[in-house]
Structure formats: structure tokens, C-alpha cells
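Working notes, structure below.
The values are calculated or read from the model by the stated rules, or taken from the named source; none is laboratory data. On a predicted model such as this, the values are computed, not experimentally measured, just so you know. Quick reminder, even Gly has a Cβ in these numbers, built from the backbone with ideal geometry, and neighbours come from all protein chains shown. Ligands, DNA and RNA are excluded from the accessible area calculation, which covers all protein heavy atoms including side chains. Shrake-Rupley method; radii C 1.70, N 1.55, O 1.52, S 1.80 Å.
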Amino acid sequence: MSEILCEWLNHEVKTSQTVTPKSFAKAFSSGYLIGEVLHKFELQDDFSKFSQSSVSSAKLNNFSRLEPTLHLLGVQFDQKVASNIITEKPGAATKLLYQLYTALQKKKKSGLTGAEMQTMQPLNTMWLQNMKSEAFRDRLRNLIPRQTDFNLMRVTHKFQEKYVHMKEDVVRMQSEKLQKFQKLKEQQRCFSIEKQRLSRRRQNEIMAKIQAAIIQIPKPTSNRTLKAIEAQKMMKKKREAEDVANEIMEFEALLRKDLQAKESTHKASLDTAAQTTADLLSTYSDDDYIKKIQKRLKEDALAREQREKRRRRLLMDQLIAHEAQEEAYREEQLINRLMRQSQQERRIAVQLMHVRHEKEVLWQNRIFREKQYEERRLKDFQDALDREGALARQAKLEFEEQAIKMREVHEHLAVERAQALYQKHYLACSEILDQILDLSTKVAEYRLLTNNLIPHKIMHDWKELFFYGKPIYEQASIKGMPARPSTEQLTQMEKRDLLDNNDYEEYKV
């Protein structure tokens with residue numbers, strides 16, 4: 001229906017402002033476009049007094065001028081409908097424009113103008129319509145908020161929207177913070193799992209190194225007892241004694257061979273010496289013989305010396321070989337001892353490496369725990385700040401709500417005070433008007449009865465009663481008053497006392 005009305009307004013009526021279904025309620029909230037539509041159909045003669053402003057006084061003026069025309073067309077229009085259109089209630093402007101569209105189509109078919117439709121109405125209806133228009137204006141003025149109230153409502157609505165946006169932002173920030181915390185927790189869990197996996201892998205590698213570093217020392221045989229050790233020592237000594245005896249026997253055999261060779265050479269030398277002596281004795285002199293003997297003695301001494309050197313050299317070689325064997329045995333024992341010590345050292349070194357690795361792991365864990373403590377402290381501090389901010393915002397909102405409530409109470413009291421003041425003034429004016437009417441009717445009655453001649457005394461009494469706000473006409477009889485007189489009787493007694501006092505004052509004068 002909104003699209004049909006927008007097409008009718010934009011193409012057929014051709015209003016000054018283009019109307020769309022989204023801006024329908026806002027466009028007709030001031031009443032200016034409704035007056036323009038009626039002016040296009042020659043029904044709103046005072047359209048020049050309409051205002052396009054969005055203030056409450058302009059809206060009140062526009063809708064007050066629209067009300068008679070709409071009632072003339074038979075459109076249902078009262079202060080409630082006007083208030084709904086001014087406050088842009090959804091559907092209110094659309095419903096009114098649809099009724100106006102129907103009424104204008106009927107008017108177009110009938111062919112009557114606005115002046116003709118007004119002249120067709122009776123006079124009493126026009127007078128009643130004028131009174132209704134005045135009452136409509138008064139009621140609409142009470143319903144439409146003042147411009148300051150409207151601005152305050154607009155500001156309040158703006159801040160309410162801002163509060164809603166802030167609340168949505170806070171919810172979004174909390175959700176993002178929760179997601180970040182969950183993501184960080186997941187990362188920490190993955191990091192701890194990876195760290196455990198690496199520590200388990202390192203531990204396995206260290207255990208593998210320890211296993212590889214362990215040298216399997218063969219277990220001692222079951223015969224490794226004290227007796228077996230003594231028997232082995234005895235066997236060793238026997239082997240050494242046999243070796244020494246064999247070496248001595250070999251040395252003696254060599255000596256025997258040398259002696260035999262010497263004896264054979266001695267015999268041969270003796271035979272040759274005998275022959276040579278015979279020859280020498282025969283051929284040479286004694287000096288030559290002595291020289292040969294000395295020479296032979298020197299050769300024998302030299303050979304004996306050579307034999308002693310060879311014997312000592314052989315003995316030295318045997319002693320050196322024996323010492324080398326002993327040194328090799330000592331070195332073997334030392335190597336075995338050192339090997340056992342190196343195995344222990346390697347085992348201790350591997351254990352030290354493992355302890356150092358554990359110490360490093362503990363140190364890294366301590367650093368990671370300190371970081372977690374620091375992050376926890378920062379998070380607690382941030383949470384405390386967020387809580388304080390939330391409490392401050394909540395206190396601010398509560399203060400704003402309290403201020404709004406106090407403002408509403410103040411406005412309600414101001415409205416009640418204004419109504420009470422209005423009622424007071426209204427009653428005072430009504431009472432004065434009633435007294436004026438009473439005085440006028442009383443004077444008119446006396447003028448009719450006395451041919452426009454009113455005694456000065458009676459006129460003076462009436463004026464006194466009028467000045468003191470007492471009724472001129474007699475309201476109740478004071479003869480035979482009961483114990484509890486009514487209000488009218490009390491008023492009548494006050495009137496009598498007032499008139500008596502006035503007569504007494506005149507008498508004194």
C-alpha cells in the first residue's frame with residue numbers, strides 16, 4: 001500500500017518532496033505535505049501559514065489547521081492520530097493518507113469544491129466544529145511534547161543507541177578476548193606437548209648414549225678365588241724358573257761349545273807349536289821364538305776378551321728381554337686398570353651430562369613458569385581494570401537512569417503544578433465571571449422593574465458583595481438554622497454580617 005500511495009503522491013499529486021516507503025513516516029510527521037496535498041485539491045486555503053519546520057510549535061500549527069479540513073472530508077482524525085503521526089509511529093501516516101486518498105477520490109467523483117462542502121453544512125454544526133477544533137488544539141498541545149522535551153528525547157535516544165552500540169562493542173571485545181585466550185591456551189597446550197615430546201626424545205637419546213657408553217665387562221670365572229690366584233702365581237713363578245733354567249742351560253751349552261772349540265784349537269796349536277818349535281829351533285833363533293809366543297798370547301787374550309764381551313752381551317740381551325717382558329706385563333695391568341677407570345669416568349660424564357640437561361630443563365621450566373605468572377598478573381590487572389571500567393559504566397548508566405527518573409518526576413510535578421495553577425486560575429476566572437453575570441442579571445432585572453432606576457443603597461450593597469466575592473442572589477434561608485448549618489447558610493450569614501458592617505460604617509460617617 002505504501003508503494004501505491006508513493007506513486008500517487010510523486011506522479012499524480014507531484015508533491016514538493018519525493019516520498020519513498022522508507023521515509024514515509026518522517027516526511028508526513030510535520031503535517032506540511034498533508035496540507036500541500038489538500039492545497040493541490042483546493043481544500044486548504046490557509047496553506048501559506050503552514051511551516052516546514054520540525055519543531056513542535058510548527059507541527060501543532062500545521063495539524064491544528066488540518067483538523068477542520070479532514071473532518072470536512074469525513075476522515076477519522078483526532079489528537080491520538082495526530083500524536084502518532086508526529087511521533088512517527090509505524091503505519092499511522094500510511095493509514096491516514098489512505099483514508100485521505102479515498103475521501104479525495106469520492107470528492108473528485110462528486111465534483112464539489114471545498115467552499116461548496118462548507119456551505120452545505122448547517123450553522124450549528126459549523127459552530128460545534130469550531131469548538132471541537134479549539135478543544136482539539138488544546139488536547140494536542142498537551143499531547144505533543146515541547147521542543148525541549150523532544151530534543152531531550154532525541155538526545156536520549158541517541159545516547160541509548162550509543163549505549164547499545166557500546167554494549168555490542170563490549171560483547172564483541174569480550175568474545176574476541178575469549179577467543180584470544182582460548183587460542184593462547186591452545187598454543188600453550190601445543191607448546192607444552194611439543195616440549196614434552198622434545199624432552200622425552202632428549203631423554204631417550206641420553207639413555208641411548210648411556211647404554212652405548214657402558215662397556216660390558218666380562219664376569220670373572222668361578223675359579224677366581226684366592227687358591228686359584230695363588231696357584232696361578234705359583235705356575236707363573238715355575239714358568240719363570242723354567243725359562244731361567246732353560247736360558248742357563250743354553251748358555252752352558254754355548255760355553256761348552258766354546259771350550260771344545262778352544263780345546264781343539266789349543267791341541268791344533270800345540271801340534272803346530274811343536275812342529276813350529278822344532279822348525280824354529282832348527283831355523284830361527286831364540287828371539288824370534290819369544291816374539292811368536294808373545295804374539296800368540298796376545299791373540300789368545302784378545303780372543304778371551306772377545307768371548308767375555310759376547311757372553312756379557314748375551315746376558316745383557318736376556319736381561320733386557322726379561323725387563324721388556326716385565327714392562328709389557330706392567331703396562332698391560334696398567335692399561336686394564338685405566339680402562340676400568342675410563343669406563344667409570346665415561347659413565348660419570350654421561351651422568352653429569354644428564355644432570356646438566358635436567359638442570360637446563362628445570363631452568364627453562366622456571367623461566368616459562370615466571371612468564372606464565374607475569375602473564376597471569378597482567379591478565380588479572382587487565383581484568384581488574386575491565387571490572388572497574390564496567391562498574392564505572394554501570395554506575396554512570398544508573399546515574400543517567402536516576403537522572404532520567406528524577407527528570408520525569410520533575411516534569412510530572414511541573415505538569416501537575418501547571419494543571420493545579422490552571423485549575424486555580426480557571427476556578428477564579430469562572431467565579432469572577434459568574435459574579436459578573438449575577439451582577440449584570442440583577443441590575444438588568446431591577447432596571448426592568450424600576451424603569452432603569454436603581455437605589456444607591458442597593459447598588460452599593462451589590463458592589464460590596466461583588467468586591468468581597470459573595471453571591472448576590474440568596475442561596476439559602478437563615479431562619480430556623482440547625483445546629484450544623486450548611487455551606488450556603490454560612491455564606492448567607494457572612495453576607496448579612498458584611499452588609500451590617502457596611503451600614504454601621506455609613507451610619508458612623
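Here are a few things to note about the model shown:
- Residue in the stretch 452-459 that is of a type in the set (Lys, Arg) and modelled with pLDDT of 75 or more present: yes
- Across the stretch 40-61, the qualifying residues are those that are under 23 Å from Lys106 (Cα atoms) and part of a helix (DSSP H, G or I), and the one among them that is least open to solvent (accessible area, probe 1.4 Å) is Phe47.
Here's the yes/no breakdown for (1) surrounded by fewer than 18 Cβ atoms within 10 Å (Cβ to Cβ); (2) assigned to a helix (DSSP H, G or I):
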{"position": "Gln17", "(1), (2)": "yes, no"}
{"position": "Lys26", "(1), (2)": "yes, yes"}
{"position": "Leu38", "(1), (2)": "no, yes"}
{"position": "Phe63", "(1), (2)": "no, yes"}
{"position": "Gln76", "(1), (2)": "yes, no"}
{"position": "Ile85", "(1), (2)": "no, yes"}
{"position": "Pro90", "(1), (2)": "yes, no"}
{"position": "Gln105", "(1), (2)": "yes, yes"}
{"position": "Lys109", "(1), (2)": "yes, yes"}
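- Selection status of Gly31, on the phi > 0 side of the Ramachandran plot and open to solvent by 20 Å² or more (accessible area, probe 1.4 Å): no
Residues are listed down the side, and each one gets a yes or a no for (1) touching a residue at least 24 places away in the same chain (Cβ under 8 Å); (2) among the aliphatic types (A, V, I, L, M); (3) out of contact with any Phe, Trp or Tyr (no Cβ under 9 Å at 6 or more places or on another chain); (4) within 30 Å of Gln174 (Cβ to Cβ):
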site	(1), (2), (3), (4)
Arg356	no, no, yes, no
Leu385	no, yes, yes, yes
His412	no, no, yes, no
Gln423	no, no, yes, no
Leu427	no, yes, yes, no
Leu433	no, yes, yes, no
Leu449	no, yes, yes, no
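- Checked against (1) more than 49 Å from the chain's Cα centre (by Cα); (2) under 14 Å from Tyr98 (Cβ atoms); (3) open to solvent by 40 Å² or more (accessible area, probe 1.4 Å), Leu9 meets all criteria but (3).
- Qualifying residue in the stretch 438-452 (condition: more than 30 Å from Arg139 (Cα to Cα), in contact with a helix residue (DSSP H, G or I) (Cβ under 6 Å, 6 or more places away or on another chain) and not in a loop (DSSP other than H, G, I, E, B)): yes
- Among the residues of the stretch 167-205, those identified as open to solvent by 90 Å² or more (accessible area, probe 1.4 Å) and under 19 Å from Ala390 (Cβ atoms) are Lys167, Glu168, Arg172, Met173, Gln174, Lys177, Leu178, Lys180.
- For the stretch 345-353, the criterion of being part of a helix (DSSP H, G or I) and closer than 30 Å to Met153 by Cα is met by none of the residues.
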